[in-house]
Amino acid sequence: MSRALPWVIGAALVALPFVYHEPYPLHLLVIVLIWSFMYTSWSVMGRFGLVSLGHGGFMGIGAYVTALLWNDFHLTPWIGIPIAMLVVAFVALLIAWPCFRFRIVGHYFALVTLALSAIVLQVITAARDLTGGSLGYTPQRYNGGSSVFALQFTDKTTWYLIALGVWGVGLLVRYRVDRSMLRYALEAIAEDEDAAAAAGVHVTWEKLKITLLSAAMTALAGALYCQYQMFISPDTVSGISVSLQMVFASVVGGIYVLLGPTIGAFITILLAEVLRVGFGTGAVGWDNIIYGSLLVMFIIFLPQGLVGTLQAKFARVSTARA
Amino acid sequence: MPDIFDIYLIEALINGVLLGGVLALLALGLNLIFGVIDVVWICYAELIMLGMYGMFFLFKIYHVPFLLAAVLCIAGVGVLGVVLHLLVIAPLLGAAPINQLLATGGVLFFLQSAATVMFGIDFRNLGIRLPVLAVADMYISYARLLAFGAALAGMVVLYLFLARTYTGTAIRAISQDRQIMPLMGVDARRIYIITSAIGGALAGLAATLLVLQYDVHPFIGLTFGPTTFMICVLGGLGNMVGGFVASFIFAEIISVSGLYLDLEWGYVFAFGFFIAMMFARPQGLMARRS
């Protein structure tokens, strides 16, 4: 039963838009799925104690490179997105290799990567002739905004299926990482780098692998976000706020469990929507007040996150019964 | 090479020094807290933002004299520092350092949006126009000069406090060895609270100076925050002398590149310099080579 369960849920999720196609809930689901994929990408490395605050930068580069290639070189996102992912992986290499080589870990690592997201934000803003600066940037519409070539679709169902597929791949990647040697190596590194190195783990290389993977996935998420929203601005796809948002949602859901970041995305996005719909413009800022206090309380009282804590509870109950 | 020594360059260099003074003050508070409590307050710049709002309301709305408002502000942000420590940091003292950093990240969100809700997103300023000094064809803002002077004075007072008083000595001792000092009869909890108060007060002092040069809005913290963290890391977290030197290097890069290009590029170059230096000296500028 538990083996079949993911397939049943997956089939139900794929079938959903054909049964139920109200645009607004579908729109919310697309957004939730794209961000879930993003948070999952962050947690792929975040769960090993590699807390990066640079993912806001990775997302920004992914989104802007794809959009710039499309507008200025008419390069289809089908090629543009892989290029953006390569660019981001290269940037990640540039930052992460020296960090790991010189053993910049913990909050030093967080602050160095934070510098990266600050730089990306400043570069996008400063290069306003190219990127439109803080006013934002829109990929040119092609064929009335509905074209496979340009990866632009007007109907929500297509987007829902794309986002669902990418999210599924993200979960699969994380699942595979969790069952690979890489996971054991990284857990050993997170415990004690010296001991891991003494046991024959190539510390720098193992950390680099997971970082490049996580960064490239984040770039894909950024590019998808841009293709779906058809509008990006430096503040919504890069900078510290976006980086912290990724950490926050993942922590709320639980970074150590597969579905943690997804649940985190659900909670945060639905909370923001409920506040926005319920209170209108009067609610501006309230969602972040709630996020902020929740983040603090989660870290103090539930560092395992919502899903992680529940899972641990269930595990305790079932072992007590056995 | 007549261009290199042109008057604008000298003006930019002087402005860089003046900016460096303020940045040094910002870095000092963060470094003190890191050095003693081993915590990074990601929301440090948001405390400054609140201080700036405090100045705005006291001075502009309630017509409190500037100096009195400044004193109230410094004390107020100092109290905020203590509250932050007691509510957020103290329960997490035993947790992983990264958790403390993320929790203060939550405080950053909270303060930023609380300010949005309470004060709105309008840009506000005190409406004081301080004169501009004209020295030999160069224009130097009086506000910056004042900020530089006050920042230096603040640093000297802090230095004397740390060097000359019993509490100051205890603070320095605890930053050197966290485990042994409680055995020597130093109450670590009390020292942490005092340090948080001083860190907050330094943010308050910075706020009273910055409010003369910048408009206040809820997101102003994002302007100073990243720069301050980078300066601290560049100088070596917790290393106050390193932070001091790094502030001036940073300020000169921002100021001089801002002269030739846009101000944003100044920041880009400064941040790029930071990353380059992390490769060259990962433990900070002033670190002893091991």
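Structure data summary
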read-out: Test: A:W78 is among the aromatic types (F, W, Y), within 14 Å of chain B (Cβ to nearest Cβ) and part of a helix (DSSP H, G or I); value: no
read-out: Residue in the range B:111-128 that is farther than 30 Å from A:L275 by Cβ, of a type in the set (D, E) and part of a loop (DSSP other than H, G, I, E, B) present; value: no
read-out: Criterion (in contact with a Cys (Cβ under 9 Å, 6 or more places away or on another chain) and buried (at least 24 other Cβ atoms within 10 Å of the Cβ)) met by exactly one of A:V237, A:V252; value: A:V237
read-out: Filtered residue count, the range A:278-301, keeping only those that are more than 7 Å from chain B (Cβ to nearest Cβ) and at pLDDT 80 or above; value: 5
read-out: Considering residues of the range B:105-163 that are of a type in the set (S, T, N, Q) and under 30 Å from A:V252 (Cβ atoms) only, the residue farthest from the other protein chains (Cβ to nearest Cβ); value: B:Q112
read-out: The lone exception for A:R103 - which of (1) touching an Asp or Glu at 6+ places or on another chain (Cβ under 9 Å); (2) not in a loop (DSSP other than H, G, I, E, B) it fails; value: (2)
read-out: Any hit, the range A:272-288, residues being part of a helix (DSSP H, G or I) and under 24 Å from A:E187 (Cβ atoms); value: no
read-out: Search result, residues across the range B:178-224 that are closer than 24 Å to B:M55 by Cβ and either free of Cβ contacts under 8 Å to residues at least 12 places away in the same chain or within 14 Å of chain A (Cβ to nearest Cβ) (or both); value: B:H217, B:P218, B:F219, B:I220, B:G221, B:L222, B:T223, B:F224
read-out: Single match in A:L220, A:L151, A:L164, A:L172 (criterion: under 26 Å from A:A15 (Cβ atoms) and surrounded by fewer than 19 Cβ atoms within 10 Å (Cβ to Cβ)); value: A:L172
read-out: Check on B:G78, at the interface with another protein chain (Cβ under 8 Å from one of its Cβ atoms), closer than 21 Å to B:I37 by Cα and in a helix (DSSP H, G or I); value: no
read-out: Only listed residue being over 20 Å from the mean Cα position of the chain (by Cα) and free of Cβ contacts under 8 Å to residues at least 24 places away in the same chain, chosen from B:L133, B:L86; value: B:L133
read-out: Single residue of the range A:13-48 satisfying the filter (modelled with pLDDT of 80 or more and among the small types (G, A, S)) that is nearest to A:T218 (Cα to Cα); value: A:S41
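The values are calculated or read from the model by the stated rules, or taken from the named source; none is laboratory data. Just so we're clear, the structure is a prediction, and the values are computed from it rather than from any experiment. Every residue, glycine among them, receives a Cβ derived from its backbone with ideal geometry; neighbour counts consider all protein chains shown.
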